[in-house]
Each structure stands twice: as C-alpha cells, then as structure tokens.
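This report refers to the structure that appears directly beneath it.
The values are calculated or read from the model by the stated rules, or taken from the named source; none is laboratory data. Keep in mind that what you see is a predicted model, and the values were worked out from it rather than measured. Positions of Cβ are generated from backbone atoms using ideal geometry, with glycine treated the same way; all protein chains shown enter the neighbour counts. Heavy atoms of the whole protein, side chains included, go into the accessibility calculation; ligands, DNA and RNA do not. Shrake-Rupley method; radii C 1.70, N 1.55, O 1.52, S 1.80 Å.
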Amino acid sequence: MAVYLDNAATTKPCAEAVQAAVDAMTINFGNPSSLHRAGLDAQIAVDRARKVIADSIGADPACLYFTSGATESNNLALRGAAAAYGRKRRKIVISAVEHASVEETAAALEKSGFEVVRVSPRGDGRFCPEDFIAACDDDTCLLSMMYVNNETGYILPVKEVFSAVKRRFPDIVTHCDCVQAYMKLPVKVNALGADLISLSAHKIHGAKGVGALFIRKGVRVVPIVTGGKQEKGIRSGTESVPLIVAFGAAAEKLAPTIQERWDRVSGLKAYLLGKIAEIGGISVNSPDDGSPYVVNISAEGKRSEIMLHFLESKGIYVSSGSACSKGQQSGVLGQFGITGKRADSALRISMTAETTEADLDELCEALREGLEKVRG
Ligand code: PMP
C-alpha cells in the first residue's frame, strides 16, 4: 500500500463524508430550491452542514456561503470586496506568500487599476506584523493574508496584524485564507479579526469541489457568479448537496479533536526531523514553530522531480514545492529565503493524524537510498 504524504494537496475523504455524499446522491437527491418535500429535505441537509461548519469557526450560519472550493472563495473575497469598496479606495495589501488563487486574483485586480502591495518576510524568513500595518493606509480597501502557508507550514501573524490594522483603519476589509489551518488550528472568526474567511473541504477529509466563504454581517461582497440567487444571491448555482453534506460530516468529525491531532502530528514532525538529521545531507525549509502538518525539506543536489519520482517508485507520495501550482515553482519558497539549488530540490511532506511512524520510517529509508542512487 502506498504511503500517502501529500495531505496538503488533498486528503482522503473520511468514511462519514463518503456516506453523507452517497445518501445525498441516492436518497436525499432533491434540489434545495424546489418547493416540495424532496427540495425541503435537501435544503435541511445543506443548512445542517452550514450550521456545523459555522459553529466550528464561531460564526453565525447566516454568514457562511458555500462555493466550489477555496479558489472560488478567494476569488469571491478579493474581487467581491474590491468591487464593493474599491471605487474610492484603490489599494489592496496581501502577503507575498499567498496561494495562487489569491496572488493571481490580486494580480488581475492590479491590471484593472488597483495598487497591490505585497508584504514579504524579513531576511530571516519571518513576517513582521509592523510591515503589514505600515503597508496599509486610508486608501486601502482590502488586506488579505493566509493563516498557514501551504508550502512550508509557516504560521502568519494574522491575529496581531488584523487587530492592529482594524484599530487604525476600521474600514479595511480583512480576508484570511484558512485552508491549511482549518481543523488543524482553532480558526475562530472573532479571535482572528477576519471579515472574510476561505475554507476548503478536501483538505479536511471532505470532497474536492466544495468550499465556503465566511462573510461577516454588514460586510459587502459583490457576487462573481450570478444567476438563480442561491446562497442569498452571493453564489448562484444549484448547491452541490452531496459535496456540501460531505463537508459538514468531515467538519463534524474533526472539530472535537483539533488539539489532540495537533499534538499527535507535532510528535510525528519531531520524529521525522530526528530521522532526517540522522540521514544527513537534507536541509529543513520549514520553521520549527510552523504547522507540523507540513514539513518542507531539500535533499541537497537532488532535483525535486527526480527525487519525487524515485520516492514514487517506492510507493511513497510527496509533493515538489506546491502541488497546487501544477509543478511550477511559485516563488513562495524564495520569499522565505529558500533559493537556488535548495529550492530546486525542495520536497513537501504533508501529514495527517493517520500518518504513522512506520510511514515516516519508509520515507526516510527511501530518502537515504535516493540520496545515494539518484543522480542530481
Ligand atoms: N489556498 C490554499 C492555502 C491552498 O492550499 C489551496 C489548495 N491547494 C487553495 C487555497 C485552493 O483550494 P481549492 O483546492 O479548494 O480550490
């Protein structure tokens, strides 16, 4: 059986999520907009999932909107808030390490006339909250920063930045891409100080193709998908009931064990780093205080893709840099000070609470062999 260590790219759906989806495709298959009983039952199932997910982030269910995934949530957050607030205030501040779904969207808004300021980590690879605060001003309509970076596991100082920015500039809309933090760290809308929060189901053992956007009451977002006015007009299109109920089932399962799983995966990260140090010739690109779920390493002198396929030949699946960018280097590692040959050999190992020490033993054995056999 393969050792799957690419959980930041996607996770295996849990049995509860699969069952919920099957039920919604076989029994409860109505259209939530239909006025008869079958429609009502589907609407009840969608709203139940909405309540579970909203509760898990400390939000009012009325503030949670389902989308086709975090890529759409991020597009809706940036484009929607820019359209609502960007007429007079023309500046958008983002971190320089955002996922492509934020970075490319900001770049598109930049082309259409917005000024986009990208805040980078300092020379030591760490973000300084003051740099975000200094980048914001009275002309800024939106500040977007992710909670946990998908390539390195770096945890951005979102709470500090959002609370300081809100104190100085209460009109700035704050958005947080919580995809790699949700169900790993507590994600609470008030503690984070976020007006908009993006979530994705397939990173938490739900299904691909569904996500959500939290929109704080009173914050305006202009829809990007128009039509039948589902999701209160914020996101038209018949709701994907099977994917939504699977999302709810996965969230319900994971919500009670956030701390327990974090502790377990922290133990796994420590175990992995210990073994990697024993092998030698491998540098660690993730910070010590990052999310333990993501461990980015460089097997010096061995190109990522070559090592990735060597590991694959041993039945071990990892990612080179970020799988989300279809193998392209995103430049995010460079922002964290990982450049040149070290970036060319970066591998991302991403775990889940079901990962075992035996899985990591297999990985390390294969890495050791790869370092000897694989030509740079
Ligand atoms: N943001 C981050 C940080 C991610 O890791 C991902 C998934 N690669 C996304 C956004 C996009 O999520 P989705 O696959 O649901 O569109």
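Below, the figures for the structure above:
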quantity: Positive dipole terminus of the chain, leading residue within 31, 11, 222 (C-beta point charges); calculated: 222
quantity: Efficiency of FRET between residue 2 and residue 122 - r from beta-carbon atoms, R0 25 angstrom, step 0.05; calculated: 0.05
quantity: Value of relative contact order over the stretch 79-144, rounded to a whole percent, pairs C-alpha under 8 Å and six or more apart; calculated: 50 percent
quantity: Residue among 129, 76, 185 farthest towards the positive dipole end of the stretch 15-255, charges placed on Cβ; calculated: 76
quantity: Choice from 20, 108, 250 with maximal GNM fluctuation in the chain (Cα, 10 Å cutoff); calculated: 108
quantity: Charge dipole of the stretch 238-315 about the Cα centre (unit charges at C-beta), most positive-ward option of 250, 283, 315; calculated: 315
quantity: Size of charge dipole - the stretch 68-162 - debye, nearest 20, with Cβ of Lys, Arg +1 and Asp, Glu -1, no other charges; calculated: 300 debye
quantity: 40, 273, 76, ranked by accessible area, largest first (probe 1.4 Å); calculated: 40, 273, 76
quantity: Distance (nanometres) between label positions extended 7 Å along Cα→Cβ at residue 188 and residue 15; calculated: 3.3 nm
quantity: Candidates 149, 296, 28: whichever shows maximal mean-square fluctuation once the chain is modelled as a Gaussian network with Cα springs under 10 Å; calculated: 28
quantity: Probe 1.4 Å, all protein chains present, accessible-area order of 110, 103, 372, largest first; calculated: 372, 110, 103
quantity: Selected from 201, 246, 84 as most flexible by GNM, with the chain as the system and alpha-carbon contacts under 10 Å; calculated: 84
quantity: Under 30 Å, Cα to Cα: Lys pairs in the stretch 235-376, sequence gap 8 or more or different chains; calculated: 21
quantity: Volume in Å³ per residue [convex hull over Cα atoms, computed for the stretch 132-279]; calculated: 143 Å³
quantity: Solvent-accessible area, 1.4 Å probe, carbon plus sulfur percent, for the chain; calculated: 53 percent
quantity: Dipole magnitude (debye, nearest 20) for the stretch 15-255, charges at Cβ of Lys, Arg, Asp, Glu; calculated: 500 debye
quantity: Relative contact order of the chain, defined on C-alpha pairs under 8 angstrom at six or more residues apart (%); calculated: 23 percent
quantity: For the stretch 15-255, accessible area per residue (1.4 Å probe, heavy atoms of protein chains only), Å²; calculated: 39 Å²
quantity: Average Cα contact separation per residue, the stretch 122-179, under 8 Å, 6 or more apart, as relative contact order %; calculated: 41 percent
quantity: Accessible area in the full protein assembly, largest first, 1.4 Å probe, for 240, 73; calculated: 240, 73
quantity: Within the chain, helix-based [θ] at 222 nm, where runs of 4 or more DSSP H residues each add -39,500 (n - 2.57), nearest 500; calculated: -12500 deg cm²/dmol
quantity: Scattering curve values for the stretch 15-255, log₁₀ I(q)/I(0), Debye with Cα scatterers, q = 0.12 Å⁻¹; calculated: -0.64
quantity: Spatial separation of Cα centroids for the stretch 255-293 and the stretch 65-114, in angstrom; calculated: 32 Å
quantity: Label-point separation in nm, residue 314 to residue 373, each point 7 Å along Cα→Cβ; calculated: 0.8 nm
quantity: Distance (nanometres) between label positions extended 7 Å along Cα→Cβ at residue 263 and residue 40; calculated: 4.6 nm
